[in-house]
Amino acid sequence: MLGSILPFNEETADRVSAYCEKHSHGIPDALVEHWEWTRTRFPDADKMSSRLQGSWMIFTARDRKPKRILEIGCYSGYSALAWYEGTRDTKAEIVTLEYSPKMIAASREAFKKYGVGDRVKLIEGPAEQTLQTLTGEFDLVFVDANKDGYAGYVKTILDQGLLSPNGIILCDNVFARGLTIGPDCAPWLNDHVRPYWNGCGQALDKFSAGLMEDPRIDVLLLPVFDGVTQIRWKDGAQRA
């Protein structure tokens, strides 16, 4: 296959997603419960990662065995719970940042319910300010917050040397439902949310272009989920 993406229509894409879930090790029952709770409680729950993406997080954490994880954007705590599950053996410290009081309350409720407070630390406030206060290195960084902040978040992480020498940054939703690529790439998107995602797409297009200009890093943008960009230090790169 010379291309990178099969030309699925919306119905077929749903079938493929279901097929992938069926043939992947799923998320634990506690994560299923929390995913369903979030989906039914919050009208913007489409911002939450999918069940399959939760499986990917667990798999990735088990594979890379990080000692410290930084998450920018906690939402209801689903992804932090997935990172926790994926690092049960390594007992990684998980630092997650959130700005919304509503989602801070939801996350704290979830973390207490599922007993993950021994390794999950939620820091409240604007991420751009919190990042300035962090010390040490993180082996895995997951960026899933306001899309117009991605460029600044990643730059701060790199400039301050918060990414470990063999660490990886994973930036979620870089396709912005398709609108990063072009306004005609999301005909299925509801007109009510289209202006929001269009703004996100414009910001993420600039973000992706800017990454290609940074000589310190290797970048790989993968057409999975809503687009995931992987970032690592170049071998021999000058770090902070």
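The values are calculated or read from the model by the stated rules, or taken from the named source; none is laboratory data. Everything quoted here is computed from the prediction, not taken from an experiment. So basically every Cβ, Gly included, is an ideal-geometry build from the backbone, and we count neighbours across all protein chains shown. Quick note on the areas: whole protein, heavy atoms, side chains included, nothing else; ligands and nucleic acids left out. Shrake-Rupley method; radii C 1.70, N 1.55, O 1.52, S 1.80 Å.
Residues in region 196-220 that are out of contact with any Lys or Arg (no Cβ under 7 Å at 6 or more places or on another chain), under 14 Å from V154 (Cβ atoms) and either open to solvent by less than 70 Å² (accessible area, probe 1.4 Å) or not aliphatic (A, V, I, L, M) (or both): K206, F207, S208, A209, G210, L211, E213, D214, V219. Of the residues making up region 22-46, those that are at pLDDT 95 or above, open to solvent by less than 60 Å² (accessible area, probe 1.4 Å) and outside any loop (DSSP other than H, G, I, E, B) are A30, L31, V32, H34, W35, T38. Within the span defined as region 213-227, every residue fails to be in a helix (DSSP H, G or I) and under 29 Å from G86 (Cα atoms).
Residue pairs whose Cβ atoms lie under 8 Å apart, sitting 6 or more positions apart in sequence or on different chains, and linking a residue in region 114-128 that is more than 20 Å from W37 (Cα to Cα) to a partner that is loosely packed, with under 12 Cβ neighbours inside 10 Å, are R119/K91. Among the residues of region 16-46, the one identified as acidic (D, E) and touching a residue at least 24 places away in the same chain (Cβ under 8 Å) is E21.
With the structure loaded, tell me whether D214 is of a type in the set (D, E) and either touching a helix residue (DSSP H, G or I) at 6+ places or on another chain (Cβ under 6 Å) or farther than 18 Å from M48 by Cβ (or both) or whether it fails that test. The answer is yes for D214.
Considering (1) part of a helix (DSSP H, G or I); (2) out of contact with any strand residue (DSSP E or B) (no Cβ under 8 Å at 6 or more places or on another chain), the lone condition that W188 does not fulfil carries the number (1). If the condition is being more than 23 Å from K206 (Cα to Cα) and not β-branched (V, I, T), then region 113-131 contributes K113, Y114, G115, G117, D118, R119, K121, L122, E124, G125. Only one of the listed residues (L170, L162) is of a type in the set (A, V, I, L, M, F, W, C), closer than 21 Å to A61 by Cβ and more than 16 Å from the chain's Cα centre (by Cα). That residue is L162. Can S49 be described as touching a residue at least 40 places away in the same chain (Cβ under 8 Å), exposed (fewer than 13 other Cβ atoms within 10 Å of the Cβ) and outside any helix (DSSP H, G or I)? Here the answer is no, as S49 does not meet what is asked.
In this structure, is T130 over 23 Å from M48 (Cα atoms) and of a type outside the set (K, R)?
Spelling it out, it is not the case that T130 is over 23 Å from M48 (Cα atoms) and of a type outside the set (K, R).
Residue by residue, here is whether (1) free of Cβ contacts under 8 Å to residues at least 60 places away in the same chain; (2) closer than 21 Å to T135 by Cα; (3) out of contact with any Ser or Thr (no Cβ under 6 Å at 6 or more places or on another chain) holds:
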site: G54; (1), (2), (3): yes, no, yes
site: D63; (1), (2), (3): yes, no, yes
site: Y75; (1), (2), (3): no, no, yes
site: G86; (1), (2), (3): yes, no, yes
site: D89; (1), (2), (3): yes, no, yes
site: E93; (1), (2), (3): yes, yes, yes
